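Let me begin by presenting the structure, written as structure tokens, before commenting on it.
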Amino acid sequence: MEEKTAAHVTCSNGKTRLIQTLVLGIVVIIFLGYSFMWIMMPTSAYREYFYPKIRAQTNSTFFGTQGTTILVYTFPVLLISVLGSVYLHLGLKLASTNSCEIKRKSMFSWWKRPMIIRCLGIVSWIELFIFVMFIALLVWTFSAYLHYFFNHMDIFKEIGQGKRWEAKLSIIGLTLGIVGNICLTFLFFPVTRTSSVLPLLGLTSEASIKYHIWLGHITMFLFTAHGLCYIVYWAVTNRLSSKILEWKKTHVSNVAGEISLLFGLALWVTTFPRIRRKMFELFFYTHYLYILFIVFFIFHLGFNYFCYMLPGFYLFMVDRFLRFLQSRQCAQLVSARVLPCETVELNFSKDQGLSYTPTSIIFINVPSISKLQWHPYTISSSSHLEPEILSVIIKSEGSWTRKLYQKLASPFPIEHLQISVEGPYGPASTHFLSHDNCRHDKLIMVTGGSGIAPFISIIHELLFMNSTKKCRPPRILLISAFKNSSELTMLNLILPISNASSRYSNLELQVEAYVTREMEPPTESPKPLQTIWFKSNTLDAPISTTLGQYSWLWLGVITSSSFIIFLLTMGFLTRFYIYPIDHNTNKVFSNSLRSVLNMLLMCISILVTASAAFLWNKKQSSIKTNQVKKVIELSPLKHNSWVDTPIDRELESLPYQSLLETKNVHYGRRPDLRGILMEHEEASVGVLVCGPKSMRHQVANICSSSLAKNLHFESISFSW
């Protein structure tokens with residue numbers, strides 16, 4: 001019977017893999033075609049042959065000239081997103097039935113080796129290759145457009161009357177704007193947390209922030225240069241006062257472009273590291289100017305041209321609205337543990353169906369501190385080992401976290417804390433913990449300061465793997481550097497309280513802790529952890545997935561159905577309202593009004609479909625939640641907000657007592673990372689680092705050495 005079941009599972013997995021491969025093949029073909037169109041766009045062949053031919057076939061009374069842009073540049077990316085959702089759903093289905101297989105080496109391991117570029121930080125060879133290719137695309141587009149425009153200056157009627165250098169200055173300004181639009185096209189992809197595009201590439205939104213930063217700097221540099229070129233051109237041709245205030249009805253609006261640029265500059269200035277670190281709240285609130293930046297950008301060029309940049313922004317809008325819907329529900333905070341090193345661990349109730357990978361993050365909002373601020377934190381629990389609890393660790397390092405710590409560490413603790421969450425968000429899979437290949441013989445985790453949080457979630461996942469015997473987990477070496485001995489109490493959070501000693505006994509874990517600012521152990525014993533149990537509230541609910549168990553499929557449904565509704569409503573609007581006035585000439589109907597109507601239809605389409613999917617899944621989730629609420633029953637006293645009994649102290653000491661046998665504490669020095677890493681001779685050693693920039697760069701340099709071919713580096717993004 002078991003053999004038949006195993007054979008059936010193997011057959012089913014084979015079919016699923018085949019479908020997944022076919023979907024991936026289609027995605028690759030579409031992506032190559034989409035990339036080819038961007039490469040061809042500045043060429044004479046495209047502008048004089050391909051584009052007119054495509055436009056003649058797609059210029060209808062329902063969509064007008066923007067139908068061509070939607071078909072060629074918008075539709076392919078959204079189709080990739082929908083197919084990516086199917087691909088990821090199939091991947092989850094396979095992961096749930098996989099067992100441990102023979103270890104195999106990735107053919108791309110060399111390309112993933114780290115290197116340090118001064119202006120880019122730590123990047124892999126494949127990241128550097130893609131970055132260079134993207135810069136090559138920008139340079140190619142700029143040079144190809146300049147060559148074409150310089151050879152066809154007669155098409156610019158306005159500048160044909162001026163001097164030749166003035167005309168070239170205007171063309172250079174135009175070309176800089178076109179190249180900047182390419183950067184804007186991809187700007188929103190890295191910050192779209194629930195999109196399938198990033199996981200399809202093996203990326204997360206948190207790890208892709210650096211791409212958003214790179215694109216943002218390039219975009220604003222090009223747009224600023226674009227604006228300055230035109231201001232100088234208007235000034236030297238004595239038309240500055242008339243041109244700078246020009247808002248044409250059916251052409252480019254200069255005023256809207258200037259307003260958009262001003263909002264973009266205000267946003268850009270606050271992103272520089274020195275300003276962002278010292279005035280984070282200013283950076284946070286100014287970033288909301290992106291809404292006005294985009295709105296006036298659309299007014300500047302019209303919705304027709306914005307369709308080139310629409311895919312990334314459309315997926316971002318879907319993601320942003322889904323996050324808004326999730327954040328309206330208050331999360332059920334069960335307990336908090338307060339550490340003497342000004343650190344707290346928050347324990348939320350979660351739906352058992354909510355599954356996430358190690359190193360995932362959630363965004364937290366505490367309205368009593370700030371109604372607008374959302375802060376990301378790395379989840380320290382495992383959805384497999386702790387199916388009803390989701391934990392995060394928060395260290396007091398800023399004004400917001402300091403206020404939160406003061407609330408929880410007060411001698412008169414609060415009985416209930418209202419918190420909203422967004423997420424979790426994380427990688428689709430963690431290859432260094434993969435059940436299907438058990439990739440590494442050993443894992444070395446290097447942490448500095450508050451970077452231990454993601455490694456706690458990894459250790460919890462390894463505990464689960466060890467307890468279920470799915471695959472023998474690798475040996476673990478945890479190297480942690482702390483400033484003061486009081487921070488050693490964070491090691492107590494490595495293991496879950498329940499059944500900690502029994503599950504830990506078979507896990508090979510060695511901890512090497514370094515206290516850098518103290519020369520010897522303190523004479524006084526550290527203060528014990530304190531636990532706060534919060535009263536339940538009928539308005540709170542366990543954290544659950546926004547779109548239920550089949551979230552990737554639901555995301556694909558929302559993306560496709562909302563876009564179809566948007567196309568249908570836009571088609572009816574164009575055919576029965578705009579076309580009778582304009583007749584597809586783009587010379588009568590106001591560009592601004594057309595843009596407003598299209599933006600409104602797009603927002604309504606997303607709002608309707610996302611709300612319907614969210615409410616349906618919320619209803620299904622509430623049915624399951626009402627059946628059992630086990631987490632609340634774990635509370636020793638439901639109606640007491642503070643409990644510190646001998647039983648609690650005994651439970652809290654279990655992880656600490658277990659770790660004493662495998663923990664070495666070194667005072668007054670930093671870890672010799674090169675010596676520690678180079679002494680390991682296992683065939684495959686995974687090196688994970690999470691901490692200050694200097695530590696990450698040091699470990700990356702060591703792992704990139706030709707003498708360390710067995711070391712596989714990975715920088716873990718964390719939020720604390």
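The values are calculated or read from the model by the stated rules, or taken from the named source; none is laboratory data. What you see is a predicted model; the values in this text were computed from it and never measured. Quick reminder, even Gly has a Cβ in these numbers, built from the backbone with ideal geometry, and neighbours come from all protein chains shown. Keep in mind that these areas ignore ligands, DNA and RNA; they rest on the heavy atoms of the full protein, side chains included. Shrake-Rupley method; radii C 1.70, N 1.55, O 1.52, S 1.80 Å.
The figures follow:
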quantity	calculated
Residue check, residue 94 over 30 Å from residue 152 (Cα atoms), modelled with pLDDT of 80 or more and either surrounded by fewer than 16 Cβ atoms within 10 Å (Cβ to Cβ) or polar (S, T, N, Q) (or both)	no
Close pairs (8 angstrom Cβ cut-off, 6 or more residues apart or separate chains): under 13 Å from residue 508 (Cα atoms) in the range 455-468, of a type in the set (A, V, I, L, M) and assigned to a helix (DSSP H, G or I) anywhere	462/433; 465/433
Criterion violated by residue 251 - all others in (1) surrounded by fewer than 16 Cβ atoms within 10 Å (Cβ to Cβ); (2) more than 29 Å from residue 314 (Cβ to Cβ); (3) in contact (Cβ under 8 Å) with a residue 40 or more places away in the chain satisfied	(2)
Residue pairs meeting the criteria (Cβ under 6 Å; at least 6 apart or on separate chains; first surrounded by fewer than 24 Cβ atoms within 10 Å (Cβ to Cβ), in the range 381-392; second among the aromatic types (Phe, Trp, Tyr))	384/464; 385/464
Residues of the range 259-289 satisfying the condition of being of a type outside the set (S, T, N, Q) and buried (at least 17 other Cβ atoms within 10 Å of the Cβ)	259, 261, 263, 264, 267, 268, 283, 284, 289
Residues satisfying the stated conditions in the range 308-365, i.e. at positive phi and crowded, with 22+ Cβ neighbours inside 10 Å	359
Residue that is modelled with the lowest pLDDT [pool: residues in the range 679-704 that are surrounded by 14 or more Cβ atoms within 10 Å (Cβ to Cβ) and of a type in the set (S, T, N, Q)]	704
Selected residue (only one of 659, 637, 607, 615 is among the aliphatic types (A, V, I, L, M), modelled with pLDDT under 50 and assigned to a helix (DSSP H, G or I))	659
Unique residue being of a type in the set (Lys, Arg) and in contact (Cβ under 8 Å) with a residue 40 or more places away in the chain when the list is 55, 17	17
Qualifying residue in the range 640-649 (condition: part of a helix (DSSP H, G or I), exposed (fewer than 13 other Cβ atoms within 10 Å of the Cβ) and modelled with pLDDT under 50)	yes
Pair list, Cβ under 6 Å, 6 or more apart: the range 193-213 residue more than 18 Å from residue 89 (Cβ to Cβ), other residue open to solvent by 30 Å² or more (accessible area, probe 1.4 Å) and among the hydroxyl-bearing types (Ser, Thr, Tyr)	206/717; 207/717
Among residues of the range 31-41, those that are over 17 Å from residue 199 (Cβ atoms) and surrounded by 12 or more Cβ atoms within 10 Å (Cβ to Cβ), counted	7
Hits in the range 414-423 (condition: open to solvent by 30 Å² or more (accessible area, probe 1.4 Å) and either in a helix (DSSP H, G or I) or modelled with pLDDT under 90 (or both))	414, 415, 416
Set 125, 165, 140: member being open to solvent by 60 Å² or more (accessible area, probe 1.4 Å) and modelled with pLDDT of 95 or more	140
